[in-house]
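These notes are about the structure you will find just below.
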Amino acid sequence: MSTSWEPGKGTASSSGDGGSRSQPGASATSGPTAPPSSNKTLYGRLQEGLASADPRTEVLDGVRERAHRRVISELGPVFYNNLVDQNELRARVARIVQAALQAERTPMSAAEAARVAQSVTDDVLGFGPIERLLHDTSISEIMVNGPERVYIERNGKILPTKVTFVDEAHLRHVVGRIVAEVGRHIDESSPMVDARLADGSRVNAIYPPLAVGGPFLTIRKFAADPFTLDDLVGFGTLTPQVGELLRACVQGRANLLVSGGASTGKTTLLNVLSSFIPPDERIITIEDAKELQLRQRHVVSLESRPANTEGKGEVAIRDLLRNALRMRPDRIIIGECRSGEALDMLQAMNTGHDGSLTTVHANSPRDALSRVETMTLMAGFDLPMRAVREQVSSALDVIVHLSRLRDGSRRVTHVTEVGHMEGEMVLLQDIFAFDYRSGADGAGRRGQLRATGIRPHFTERLADRGIHLDPAIFEPQVGPPRVDGRSYSSTAGWLK
Ligand SMILES: Nc1ncnc2c1ncn2[C@@H]1O[C@H](COP(=O)(O)OP(=O)(O)OP(=O)(O)O)[C@@H](O)[C@H]1O
Ligand SMILES: [Mg+2]
């Protein structure tokens with residue numbers, strides 16, 4: 001890979017400790033409103049970044065910086081030489097760092113010295129400045145918008161960090177290293193990579209000319225311990241009642257569609273729903289990049305494959321779905337429907353593979369239906385719209401819609417039953433709907449998911465399968481009274 005290496009100038013580094021040392025926040029220098037500092041030296045940027053650090057951290061950062069400089073000046077372009085054996089390089093870096101630390105006059109505990117050594121090694125050998133962000137379990141997502149702008153998501157909030165790359169060449173080098181780990185290659189002629197790292201994290205990288213002002217790198221970290229229903233209830237994403245309803249739907253083999261905007265938690269909810277599938281059923285999951293983490297033992301995971309650089313070898317979700325139907329599945333889970341596979345999915349749901357689950361990108365339950373209709377047409381058959389709608393209405397039972405509220409929280413805002421056709425339209429009925437006006441819940445979160453009072457038809461089918469739901473789940477609740485004594489009923493509105 002070509003780089004703009006300049007001896008003595010570039011030192012692969014991050015300014016400050018980013019995510020692990022301090023909570024990245026509005027004071028960060030590389031935030032969206034920060035002036036571009038590309039014409040400043042690394043040390044200038046370091047000084048800025050360290051302005052608010054505590055004195056001890058500042059001292060250790062100084063030590064780190066000196067060790068770093070020594071490694072870079074002694075090894076220099078060796079880092080970019082792909083022929084050098086990585087183990088040998090690691091050993092050489094470790095020796096130089098040790099020598100640099102021994103030459104330090106700064107008193108340090110053994111633990112501090114080890115931390116400094118680790119961070120220098122990470123910077124020069126691992127994934128550079130973002131290595132530490134990758135190890136920080138409180139961070140769920142890392143977004144790199146160029147060498148100077150690195151954002152993270154922590155606790156549902158997107159925050160700028162102080163982490164920076166030396167320059168664009170350094171960023172490209174790290175991106176190249178990340179995608180090379182999964183046997184992929186990225187450059188101007190093949191400028192897009194979407195892949196999964198060995199630890200399960202999902203990586204997307206996109207280069208100019210497709211990415212104006214890029215390269216951009218987005219990493220959705222693998223949740224070592226995926227969220228459970230209790231976690232989602234704890235976050236306020238859904239209520240225990242809705243959790244029970246969804247569990248009954250999955251166990252009773254209802255066909256479920258999870259819908260929502262980008263990053264609203266669709267895959268996470270799909271994973272939770274999948275966990276309700278009884279362990280004696282054969283489950284086949286089909287995804288672009290494997291994200292689902294099922295606990296059941298009888299699971300077959302299939303992953304699609306993009307075309308190679310010659311445009312050959314593509315295996316689409318649709319191909320995998322057709323293959324899956326020949327694998328005697330009890331349940332089929334498609335990570336996300338994006339195209340013509342929607343038609344095959346509906347047909348499978350209508351022909352005995354009920355209890356299937358999938359997600360779709362949409363802004364409301366009604367929008368989810370029209371997305372499914374559009375995708376069905378993408379299968380390339382000239383189907384009349386009425387026929388498509390009939391397929392949709394007889395295949396799907398429930399849409400669970402997720403939204404991200406302004407406070408960053410992810411909430412189920414609708415649980416909607418897909419009914420029969422009425423005229424040209426598919427009937428949709430909300431069983432639960434989010435009431436933005438209702439006051440804070442026990443945990444101080446505004447708005448609540450409330451029963452609308454409508455009892456869905458599919459409960460009868462669930463009852464046929466031996467799954468009985470407490471009718472109280474569907475009863476409209478009256479919210480807690482406000483200061484003025486009024487409370488909200490999900491059917492009658494504001495009550496005196
Ligand atoms: N209910 C939730 N509460 C808090 N965080 C959540 C919740 N659900 C998901 N997350 C976090 O939000 C991020 C996005 O989640 P997820 O991948 O499930 O979203 P998605 O809607 O499938 O995104 P995409 O549109 O990219 O497919 C992840 O980091 C995940 O850990
Ligand atoms: Mg997803």
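Read-outs: derived from the displayed coordinates by stated rules, not from any lab. Just so you know, these numbers come straight off a predicted model, no measurement behind them. Positions of Cβ are backbone-derived with ideal geometry, glycine not excepted, and every protein chain shown enters the neighbour counts.
For region 337-478, taking the reciprocal of the average inverse distance between every pair of different Cα atoms yields a Kirkwood hydrodynamic radius of 16.6 Å. Annotation: amide H-H contacts under 5 Å for Leu449 (H modelled 1.01 Å from N, sequence separation of 5 or more, or interchain): Asp435.
Pairs over the 24 Å Cα-Cα cut-off, from the set Lys162/Lys266; Lys266/Lys290; Lys157/Lys266: Lys162/Lys266. Taking region 127-141 and a reference point 7 angstrom along Cα→Cβ of Lys157, the backbone N atoms nearer than 20 Å belong to 133-134, 136-141. Using θ = phi - 60° in the Karplus curve 6.51 cos²θ - 1.76 cosθ + 1.60, the 3J(HN,Hα) couplings for region 90-100 round to 4, 5, 5, 4, 4, 5, 5, 5, 4, 4, 5 Hz; x is entered for Gly and Pro. Here the spin labels are modelled as points 7 Å beyond Cα on the Cα-Cβ line, and at Ala211 and Ser394 they lie 4.6 nm apart.
If the segment from Thr374 to Asp194 were pulled out straight at 0.36 nm per residue, it would be longer than the present Cα-Cα gap by 62.3 nm. Taking 7 Å steps out from each Cα toward its Cβ at Tyr436 and Arg326 produces label points 5.0 nm apart.
Amide H to amide H, with H built 1.01 Å from N, Ser304 comes under 5 Å of Glu287, Asp288, counting only residues 5 or more places away or on other chains. The calculated FRET efficiency for Ala99 paired with Asp187, based on their beta-carbon distance and R0 = 22 Å, is about 0.05. Here region 86-171 is assigned +1 on the Cβ of each Lys and Arg and -1 on the Cβ of each Asp and Glu. Its dipole about the Cα centre then comes out at about 240 debye. A protection proxy built from the mean count of other Cβ atoms within 10 Å ranks the segments 98-109, 138-149, most packed first, as 138-149, 98-109.
Among Met421, Met375, the order by Cβ neighbours within 10 angstrom, fewest to most, reads Met421, Met375. For Cα pairs less than 8 Å apart in space and 6+ apart in sequence, what is the mean separation divided by the residue count of region 149-305, i.e. the relative contact order in percent? Result for region 149-305 is 13 percent.
Rounded to whole numbers, the Karplus 3J(HN,Hα) couplings from phi for region 341-350 are 4, 4, 5, 4, 5, 4, 5, 4, 4, 7 Hz, using 6.51 cos²θ - 1.76 cosθ + 1.60 with θ = phi - 60°, and x at Gly and Pro. Model label sites at Gln296 and Arg90, defined 7 Å from Cα along the beta-carbon direction, differ in position by 3.9 nm.
Given an 8 Å cut-off on Cα distances and at least 6 residues of separation, report the relative contact order of region 398-463 as a percent. Worked out over region 398-463, it gives 22 percent. The percentage of C-alpha pairs in region 140-256 whose separation is greater than 20 Å is 55%. Mind running the shape call on region 201-336? Use the C-alpha gyration tensor, a ≥ b ≥ c as the square roots of the eigenvalues: rounded below 1.5 for a/c, prolate if a/b tops b/c, oblate otherwise. Judged from the Cα gyration tensor, region 201-336 comes out oblate (a/c at least 1.5, b/c at or above a/b). As a rough footprinting exposure proxy, the listed residues Glu131, Glu424 were ranked by other beta carbons within 10 Å of their own, and the order from fewest upward is Glu424, Glu131. In terms of Cα atoms, the Rg and Dmax of region 257-345 work out to 13.4, 43 Å.
Hydrodynamic radius of region 56-181 by the Kirkwood approach over all distinct alpha-carbon pairs: 15.6 Å.
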